[in-house]
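The values are calculated or read from the model by the stated rules, or taken from the named source; none is laboratory data. None of these values were measured; they are calculated from a predicted model. Note that each Cβ is placed from the backbone with ideal geometry, even for glycine, and that neighbours are counted across all protein chains shown. Just the protein is used for accessible areas: all its heavy atoms, side chains included, with ligands, DNA and RNA removed. Shrake-Rupley method; radii C 1.70, N 1.55, O 1.52, S 1.80 Å.
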Protein chains: 2
Amino acid sequence: MNERSARRLGRLTEALARGGTLRLSEAARLCGVSEMTIRRDLSAGDGGLTLIGGHLVRADDPRYAPLYDLATQQDRQAEAKQRLCEVAARHIEDGDTLFVDCGTTLMPLVSGLDQERSLTVVTYALNVANALSRLPGVRLVLLGGVYHPSSQTFASDDIVARLSRLGINKAFITAAGVHAKKGVSCFHFHEVAPKQAAIACATQRLLVADDSKAGIIRPAYFATLDDFDVVITGPESGLETTAGRPQIIVA
Amino acid sequence: MNERSARRLGRLTEALARGGTLRLSEAARLCGVSEMTIRRDLSAGDGGLTLIGGHLVRADDPRYAPLYDLATQQDRQAEAKQRLCEVAARHIEDGDTLFVDCGTTLMPLVSGLDQERSLTVVTYALNVANALSRLPGVRLVLLGGVYHPSSQTFASDDIVARLSRLGINKAFITAAGVHAKKGVSCFHFHEVAPKQAAIACATQRLLVADDSKAGIIRPAYFATLDDFDVVITGPESGLETTAGRPQIIVA
DNA sequence: CATTTGATGTTATTTTTCTAACAAAAACCT
DNA sequence: AGGTTTTTGTTAGAAAAATAACATCAAATG
């Protein structure tokens with residue numbers, strides 16, 4: 001990609017940073033180039049901006065991904081996540097201090113929060129923070145550090161210490177693999193410390209994982225199933241409520 | 001308006017209640033009627049839903065609100081900021097560790113960075129972090145804490161300690177007010193600590209402020225002009241290079 | 001039962017947006 | 001300078017969407 005092209009994209013991205021749309025014609029006028037050039041910039045770019053019916057809009061916000069493109073498969077997972085999150089949301093009470101884990105699983109949870117909901121939410125994920133930053137009722141605490149693009153999270157050596165200073169009420173944890181015997185795992189090792197710290201200091205621990213994670217093992221173990229008080233999952237997960245600790249909720 | 005029509009609209013409104021888009025064709029299939037009927041429903045409705053390029057969206061969705069104001073006034077300032085940032089960018093060398101301050105002034109700087117640029121960038125601003133998160137060559141460090149929507153920044157009591165542990169090479173600082181005699185100020189008190197810490201520990205300090213800030217005093221002072229090595233500003237600022245410390249660059 | 005009325009579907013037309021191809025201009029290199 | 005590549009603009013054609021007009025259907029009414 002071109003340097004000038006990148007600068008134009010940057011400018012447009014900035015213009016649209018807080019949402020809104022821009023007619024393609026406006027964008028072209030703004031940058032002093034033809035509409036065709038803007039089109040080319042967009043298709044060469046990283047997909048942060050997209051064109052929908054002649055209107056330039058942000059595409060990087062999962063909140064605005066198409067909901068019901070029933071044709072594709074991604075969306076069925078999205079719908080599953082939506083269902084799980086609706087159940088998870090019922091565990092949230094006003095005044096809670098929540099920990100919200102990384103990934104896309106919990107995005108419907110934070111995106112769906114009521115504007116006026118009075119909560120404190122702690123996270124180390126950039127996408128989660130972005131969604132929460134728009135809610136006036138939420139006090140957002142982001143655990144900073146070095147950014148890891150692979151999981152859109154921040155990692156730092158004192159994240160555990162900082163987390164333990166916060167009075168976390170409920171921890172919503174995600175996983176890439178959930179195995180009844182072997183335990184709960186994720187892809188990236190830098191996610192382990194925050195997850196474990198959140199599990200350690202939260203009063204109530206909730207695991208949210210859709211069917212596609214069931215029976216899977218990923219590189220980084222971070223907990224066993226009975227570290228959790230509640231597990232919210234889909235009907236095909238094969239997990240069942242036993243006498244033991246975790247209460248399995250099927251959504 | 002028709003009763004069935006109203007019911008369809010209600011159903012679609014519900015489907016889009018949490019944002020997202022719906023293809024007109026999907027909507028038609030969902031309601032079991034033709035696309036034309038959906039179109040008629042929409043134009044007869046209260047305007048809560050709207051059609052944009054074949055996609056059905058909520059009219060009050062902030063993402064799809066047209067940005068009317070861009071063409072007008074913001075534009076000239078944006079262009080000025082673009083100019084300042086082009087000058088500022090010339091001070092960046094590969095391998096640098098930068099501090100980038102909050103606000104919109106420096107957005108063109110980070111948005112315009114080359115994809116391959118090898119840098120470490122430290123910031124405490126969410127918008128800056130978002131722009132940088134897309135650049136593969138940039139190691140992004142976000143100083144976390146409690147989110148302040150007014151400035152899109154994070155604040156925490158140990159931000160100063162954490163900053164001083166980082167080897168900041170060049171600090172790009174912004175201001176809401178620059179006064180030759182009185183000093184440099186910003187709107188929010190929670191910005192003061194990070195700014196001062198960055199100024200304290202950086203090797204080179206650059207102030208970037210467009211003309212509209214010149215001669216202005218804002219609530220929170222955080223530095224004097226000669227705390228900076230370089231000041232990048234516009235032609236109308238009235239600032240001039242004197243014998244003293246700050247080198248004034250007019251862009 | 002025929003007729004009317006309103007809602008819906010279908011088709012055709014216009015407008016707009018998208019894509020591809022080529023031409024012009026600018027930047028780049030030797 | 002001369003030639004090459006890259007970037008941008010223009011044009012033309014294809015695709016999609018918006019609009020309008022007309023046809024069809026179903027319920028309601030006398």
Problem - Part-to-part distance (alpha-carbon centres) for the stretch A:201-251 and the stretch B:102-174, which is given in Å - result: 36
Exercise for the section: Send over a whole-number figure in Å² for the accessible area per residue of the stretch A:3-60, probe 1.4 Å. Expected result: 46
Handout entry: Chain pair A, B: total accessible area buried, heavy atoms, 1.4 Å probe, Å²
Key = 4500
Completion exercise
So for R0 = 45 Å, FRET eff. of residue A:164-residue B:13 from the Cβ-Cβ r, to 0.05, ends up at 0.55
Fill in the blank from the handout: Looks like the stretch B:157-251, by Cα gyration tensor root eigenvalues a ≥ b ≥ c and the a/c under 1.5 rounded cutoff (else prolate when a/b is bigger than b/c, oblate otherwise), is oblate
Problem - Segment residue B:226-residue B:25, extension gain: residue separation times 0.36 nm, minus the distance between their alpha carbons - result: 66.1 nm
Problem - Cβ neighbours within 10 Å from other chains - mean over B:144-151 - result: 5
Completion exercise
Once Lys and Arg are counted +1 and Asp and Glu -1 for all other residues with Cβ under 15 Å from that of residue B:162, the total becomes 0
Handout entry: Relative contact order of chain A, defined on C-alpha pairs under 8 angstrom at six or more residues apart (%)
Key = 13
Exercise for the section: May I ask you to list the GluC sites (Glu not before Pro) in the stretch A:156-251 that are in a DSSP loop and have at most 16 other Cβ atoms within 10 Å of their Cβ? Expected result: A:236, A:240
Handout entry: residue B:217 versus residue A:36: modelled label distance in nm, points set 7 Å from Cα along the beta carbon direction
Key = 5.6
Fill in the blank from the handout: Checked the protein assembly as shown with the C-alpha gyration tensor, a ≥ b ≥ c its square-rooted eigenvalues, rounded below a/c of 1.5, otherwise prolate if a/b is larger than b/c and oblate if not; verdict oblate
Fill in the blank from the handout: Per the 1/(1 + (r/R0)^6) rule, R0 = 30 Å and r from the Cβ atoms of residue A:146 and residue B:188, FRET efficiency to 0.05 is 0.70
Exercise for the section: Provide the gained length on full extension for the span residue B:247 to residue B:204, in nm with one decimal, where the gain is 0.36 nm per separating residue minus the Cα-Cα distance. Expected result: 14.3 nm
Handout entry: In order through the stretch A:165-181: 3J(HN,Hα) via Karplus (6.51 cos²θ - 1.76 cosθ + 1.60), integer Hz, x for Gly, Pro
Key = 7, 9, x, 6, 8, 9, 10, 9, 10, 10, 8, 9, x, 10, 10, 4, 8
Exercise for the section: First select every other residue whose beta carbon is under 11 angstrom from the beta carbon of residue A:245; then total the charges, Lys and Arg +1, Asp and Glu -1. Expected result: -2
Exercise for the section: Could you list the trypsin sites (Lys or Arg not before Pro) in the stretch B:92-168 that lie in coil according to DSSP, counting only those with at most 10 other Cβ atoms within 10 Å of their Cβ? Expected result: B:165
